[in-house]
Each structure stands twice: as C-alpha cells, then as structure tokens.
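I have placed the structure first, in the form of structure tokens, so that the comments after it can refer back to it.
The values are calculated or read from the model by the stated rules, or taken from the named source; none is laboratory data. Treat the numbers as computed from the prediction; the structure is a model and nothing was measured. Here the Cβ positions follow ideal geometry from the backbone for every residue, glycine too, while neighbour counts run over all protein chains shown.
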Amino acid sequence: MTRQLASIERARAYVAKISGAISGASGHNATFAVACKLVGFELSPVEAWPLLLEFNQRCQPRWNECELRHKLEDAFRHARPRPEFDVSPWRFSSQTTVKAKIDPATATENFLNGFDCDDVALWEFSPIRPPDDWTKDALALLEFLFEPGEQINFVSAFTVAKDGKAEPKGKGETMERDALLARWRKEGMPRSDAGGWLRMNPLDGHGVADANVTAFRFALVEADAVPLGLQMPLLTKLPLPIAAILTSGGRSLHAWVKVDAENLLDYRHTVARMLALLAKFGVDGRNKNPSRLSRLPGVVRRIGATGDGRQRLLYLKPNPKQEAVL
C-alpha cells in the first residue's frame, strides 16, 4: 500500500466515525472541522472532496455542493496547502470564488454542445457487435469480459420498497463462468418482474462483499439524474475507458468503466476520484464499491420499466482506452 493510499483510508475511517452535522447545533463548525481534519491527513482537494461528500450524507439537512466546496476551500486556505497539491477542479487563492451551481442536465447539455447519439448508432459502432438476438446479450458480456474459471454472481430475487422501486434481495447465485454460460444457453435467462442484476467483478465464491472480489476490473458509471435522452451521448463523449454500455430497462444506462485496480484500496481511491470529477453531470457518487450490482442484460423488467423494459447490451469493447466512445 502506498503512503498516500494509506492516508486516504485513515481519513475515510475517521470520517466514518463522525456523526453528521445538524443545523442549529453548530453544524457549520462541525463540518468545517471535518474539512480541516481532511487537510490534516495531507490529502489533496480532489482526494478530500469525495470523503467530505460521504460525511455530508449524514448531515441534517445536507449541505448543497456550493456550501460544501466553500468549507473545503476555507479549510485549505486556513491550512496553507502545499503548492504541489493538485487542486483541480478548484483553484484556492484569496481570489477564489465559487460559481453558482448548474443543474446536471444543463451541465450535460453544455458539455455535449449539440452532440447526439442513439442506441442504433452505438450498437453499430460497437467493436464487438452485440448479438442480433438481444436475449443472448448476457452470453456475449460474460464471454468477453470474464475469464474461464472466474466466479460470477447474479441476482434475480427482489423486494419492493415503499416507493415502489424493486431492490435486489439476498446474495443470488455464484457460478463459474463457463458453467453459467452452459446453463443459460440450455435453460434460458432467469425471469423476474424486476429484471435482474449482475456483479461486474468476479468473486471468490464465498460471499458477495468487497472482500470477496478477486479482480478489481470494472466500476459502474450511472447518470440517472439527467434525462435518459442525454445519458447516451454523455457516456459516448466522456473520455472514459468504457468496456460496456447497458440499458437498465428503466430510466438509466449503465456504463462499465475499466479500472483494473491492483487492490481494494487502489480501486476505492481511483473510483472516488473519477466519480467526484463526474459529479457535475449527475453521475451517481454511491457506486464506489467493486461488489456493486449492475443490470443483467438479456432479460425484461416490469417494475419501474421504461418502454419495453428490455435490459440490453448496446456496446462492448473488452480492452478500452481512455477516450470517447464516438
């Protein structure tokens, strides 16, 4: 473990023990104290930002992004940060001002600048063309993104929350890749009103937690805070090493971004930085763990479905580079 990764993990452990700030109970001072403590761990602003966001999840009410950035800026000014810190995307100085927050949809439209892409164009441009029969999509995904002998987990059982959203239930099933391919070819895909889920990274067969991950290969990028029509052009224009793009059958697309981290700490650090930089586009910042479930292609969801509810594979590139898809 590098010294800096160790510092980040110590800082994360510290933040996890701190109760969220409460409005009317010195909430400002409590939040500023956490920001200053992060500086004390000798983190850069980019490294400190996702940890402060984690703390903010427990605050009542949560600080908005502008307020939270102010506090982090003030903490670094107070501590006189070393000049070698990479302070992007912020520049801390006595002249620093925080721009008004732009909503994710507007930020995405500004970034796209008229660029557009639909599912047909993406499917045709895919380096590995997904099957003509979309119900075979999961077979292609497993064949190209997982290795023989690797243990793959999928979940089809679900519960329905109070808001009507279907959520995965239980640990699902874990099978060796080729055995799972043979099963799905013979029996067909699992059926569930919720569609189904697939873990992006292989496991050791003894559990489904982060500690059971055996290869820290992919991270999930999902931007359901912006309209579905903007998500596809956003994912295809962002300069990310995207290995697969899936439809969820609902209101979001799922992009599997190649990470290939050496270990869990490296994965968390890399993914947290990436998600923090993409936050302005409404990318879900909770997708930090390597045992995360994505949607299982080749099945249909009915609960929370949009359109025909098909969970499809639209784009597949086993060895992507850091570049835009289109």
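Brief remarks follow.
- Qualifying residue in segment 128-139 (condition: within 23 Å of the chain's Cα centre (by Cα) and without any contact (Cβ under 8 Å) to a residue 12 or more places away in the chain): no
Listed here are the residues, each with its yes/no results for (1) aliphatic (A, V, I, L, M); (2) more than 22 Å from the chain's Cα centre (by Cα); (3) closer than 17 Å to Gln311 by Cβ.
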site	(1), (2), (3)
Phe154	no, no, yes
Phe158	no, no, yes
Gly164	no, yes, no
Ser192	no, yes, yes
Asn212	no, no, no
Phe216	no, no, no
Val221	yes, no, yes
Leu230	yes, no, no
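- Arg177 being among the basic types (Lys, Arg) and over 22 Å from Asn289 (Cα atoms): no
- Checked against (1) within 22 Å of the chain's Cα centre (by Cα); (2) surrounded by 14 or more Cβ atoms within 10 Å (Cβ to Cβ), Gly170 passes all but a single condition, namely (2).
- Filter pass, Lys17 being of a type in the set (D, E, K, R), out of contact with any Ser or Thr (no Cβ under 9 Å at 6 or more places or on another chain) and without any contact (Cβ under 8 Å) to a residue 24 or more places away in the chain: yes
- 1 or more residues not assigned by TED's automatic domain parsing to the domain that holds Gly309: qualifying strands (runs of 3 or more DSSP E) within segment 112-222: none
- Of the numbered criteria (1) within 22 Å of the chain's Cα centre (by Cα); (2) in contact (Cβ under 8 Å) with a residue 12 or more places away in the chain; (3) surrounded by fewer than 15 Cβ atoms within 10 Å (Cβ to Cβ), the one Thr108 fails is (3).
For (1) among the acidic types (Asp, Glu); (2) crowded, with 21+ Cβ neighbours inside 10 Å; (3) modelled with pLDDT of 95 or more, each residue gets a yes or a no:
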position: Asp224; (1), (2), (3): yes, no, no
position: Leu228; (1), (2), (3): no, no, no
position: Met232; (1), (2), (3): no, yes, yes
position: Leu235; (1), (2), (3): no, yes, yes
position: Pro241; (1), (2), (3): no, no, yes
position: Ala244; (1), (2), (3): no, yes, yes
position: Ser248; (1), (2), (3): no, yes, yes
position: Ala255; (1), (2), (3): no, yes, yes
